[in-house]
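Only one structure is covered here, and it is reproduced in the block below.
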Amino acid sequence: MARSRNSTSTRRGHILIQQDICKGCGLCISVCPQQVIGFSDTLNEKGYYPAEFIDPVDADAPNPCTGCAFCAIICPDVAIEVYRG
């Protein structure tokens, strides 16, 4: 069964950032076209403020992440996994 493109329950993309590996360089934040990556408020075990995926606050809001993988491509630490669908 095909899903509607306008369905709010459809996840378009999602990323996982390994915060223990991330050194907080911010390159992923600068290339994200949807601006869904930001710096964490807490330090990781290495003493950096790692990047984190910003999920929509409202569970019914559409997820703006497209799964473009720009963040994963530019990450020098290979700390980002991208999931689509």
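Model label points for Val78 and Leu16, set 7 angstrom from Cα along the Cα-to-Cβ axis, are 1.6 nm apart. Label-to-label distance, Phe39 versus Thr66, with points set 7 angstrom from Cα along the beta-carbon direction: 2.7 nm.
FYI, it's all coordinate maths here, none of it is from the lab. From a predicted model like this one, the values you see are computed outputs, not experimental measurements. Don't worry about glycine lacking a Cβ; one is built from the backbone with ideal geometry, like all the others, and counts go over all protein chains shown.
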